[in-house]
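Visitor: One structure coming up, written as structure tokens, with questions to follow.
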Amino acid sequence: MAQGTHDFDDDPRNERILVWVDGELVPRERAVVSVFDSGFVLGDGVWEGLRVRAGHPAFLERHLDRLFEGAKAIMLDVGRSRRELTEAIYATLRANDMVDGVHVRLMVTRGVKRTPYQDPRVTIGPATVVVIAEHKEPLPATVTEGITLFTTHVRRATPDTLDPKLNAHSKLNDITACIQAYTAGADEALMLDPHGFVATCNSTHFFVVVGSEDAPEVWTSDGRFTLAGITRANVLETCRANGIAARETTFSLTDVYSAREAFVTGTFAGVVPVRTVDGRTIGDGRRGPVVERLQTLYRALVDADVAASAAP
């Protein structure tokens, strides 16, 4: 049984991977950054996770858009162009002979500081850029049997506190939510917005399927308190392109508990069904027809994107 959307079976090949660190490919055991690095000291940085299919990172341009938007928002000079980051990703994949079943983590921090203090002006070096590519596949049970959720007391932050749109290294808000969920016996956390409406999960985006069997409607939050999820946006576009009604709206836990189906989305596992929320069985507790159809449609969308990709 899955214990979260990011569960995977260990692959022994990952012990021998080469990691791209500031322009150099180094063995895993030597892939380190300074203890004075902004990311280590303060969680000061932005990052992206990417799935690789047929040798190409899916939706790479959208991920780079989000990375550079986040960097601009926190006045972080990435120090490398989109093309240079793309070349770094592909160089890492080639060095590790990776084609399918791969997850990539692209991380950019503000760089090394001359003292461990929050002020960005004490940064003395260029941005630190790291690319980690690992052989990782979601567990089959995650995709077919789904996960369970627990609604945490930890709320999503408001934009004037910590903008939820930022895919920042600072994830303590999500981590504390995750801890509460798994100690309550669930796989992941469902998080509410500051007004008590359903927002998102600690590491994925949340959807429900409501309406009749003949005219189902997919709902997700209005997005004001969520990360600008790329899989989330792709699923909404997929719904609309295939005649599935979809709305971004506010809704409460009462709507969730009575939903026909529920699912979460994320880069790693794609579209994943939800069996229960807060001990309430969603639908009949199994993957429903809308979720199964969206899984098929989303896989086709990924295939189309990577088919149109070209390595630099």
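Visitor: Out of segment 169-208, which residues are of a type in the set (A, V, I, L, M, F, W, C), surrounded by fewer than 20 Cβ atoms within 10 Å (Cβ to Cβ) and touching a residue at least 60 places away in the same chain (Cβ under 8 Å)?
Guide: Listed by number, the list holds a single entry, LEU172.
Visitor: Here's another thing I want to ask about it. Would you be able to tell me the number of residues in segment 215-253 that are in a helix (DSSP H, G or I), more than 19 Å from the chain's Cα centre (by Cα) and buried (at least 16 other Cβ atoms within 10 Å of the Cβ)?
Guide: So the count comes out to 2.
Here's the yes/no breakdown for (1) closer than 21 Å to LEU64 by Cβ; (2) in contact with a helix residue (DSSP H, G or I) (Cβ under 8 Å, 6 or more places away or on another chain); (3) of a type outside the set (Lys, Arg):
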| position | (1), (2), (3) |
| --- | --- |
| GLY111 | yes, yes, yes |
| PRO116 | no, yes, yes |
| GLY125 | no, no, yes |
| THR128 | yes, yes, yes |
| VAL131 | yes, yes, yes |
| LEU139 | no, no, yes |
| ARG156 | no, yes, no |
| HIS169 | yes, yes, yes |
| ALA186 | no, no, yes |
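Listed here are the residues, each with its yes/no results for (1) surrounded by fewer than 19 Cβ atoms within 10 Å (Cβ to Cβ); (2) touching a residue at least 24 places away in the same chain (Cβ under 8 Å); (3) assigned by TED's automatic domain parsing to the domain that holds GLU188; (4) in a helix (DSSP H, G or I).
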site: PHE263; (1), (2), (3), (4): no, yes, yes, no
site: VAL271; (1), (2), (3), (4): no, yes, yes, no
site: ARG275; (1), (2), (3), (4): no, yes, yes, no
site: ASP284; (1), (2), (3), (4): yes, no, yes, no
site: VAL290; (1), (2), (3), (4): no, yes, yes, yes
site: THR296; (1), (2), (3), (4): yes, no, yes, yes
site: ALA300; (1), (2), (3), (4): yes, no, yes, yes
site: PRO312; (1), (2), (3), (4): yes, yes, no, no
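Visitor: Turning to a different aspect of this structure: Just checking, which of THR144, THR158 is within 26 Å of PHE8 (Cβ to Cβ) and among the polar types (S, T, N, Q)?
Guide: THR144
Visitor: Residues that are out of contact with any Cys (no Cβ under 6 Å at 6 or more places or on another chain) and in contact (Cβ under 8 Å) with a residue 24 or more places away in the chain, at least 2 per element: which strands (runs of 3 or more DSSP E) completely within segment 1-101 meet that?
Guide: 18-21, 45-53
Visitor: Okay, moving on. Which of the residues spanning segment 228-261 are more than 17 Å from PRO273 (Cβ to Cβ), hydroxyl-bearing (Ser, Thr, Tyr) and touching a residue at least 40 places away in the same chain (Cβ under 8 Å)?
Guide: Passing the criteria: THR250, SER252.
Residue-by-condition table, conditions (1) at positive phi; (2) modelled with pLDDT of 95 or more; (3) buried (at least 17 other Cβ atoms within 10 Å of the Cβ):
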{"residue": "VAL26", "(1), (2), (3)": "no, yes, no"}
{"residue": "VAL32", "(1), (2), (3)": "no, yes, no"}
{"residue": "PHE36", "(1), (2), (3)": "no, yes, yes"}
{"residue": "VAL41", "(1), (2), (3)": "no, yes, yes"}
{"residue": "ASP44", "(1), (2), (3)": "no, yes, yes"}
{"residue": "GLY49", "(1), (2), (3)": "no, yes, yes"}
{"residue": "GLY55", "(1), (2), (3)": "yes, yes, no"}
{"residue": "GLU61", "(1), (2), (3)": "no, yes, no"}
{"residue": "LEU76", "(1), (2), (3)": "no, yes, yes"}
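The values are calculated or read from the model by the stated rules, or taken from the named source; none is laboratory data. Being a predicted model, the structure only gives us computed values, none of them experimental. Neighbour counts run over all protein chains shown; Cβ positions are idealised from the backbone, glycine included.
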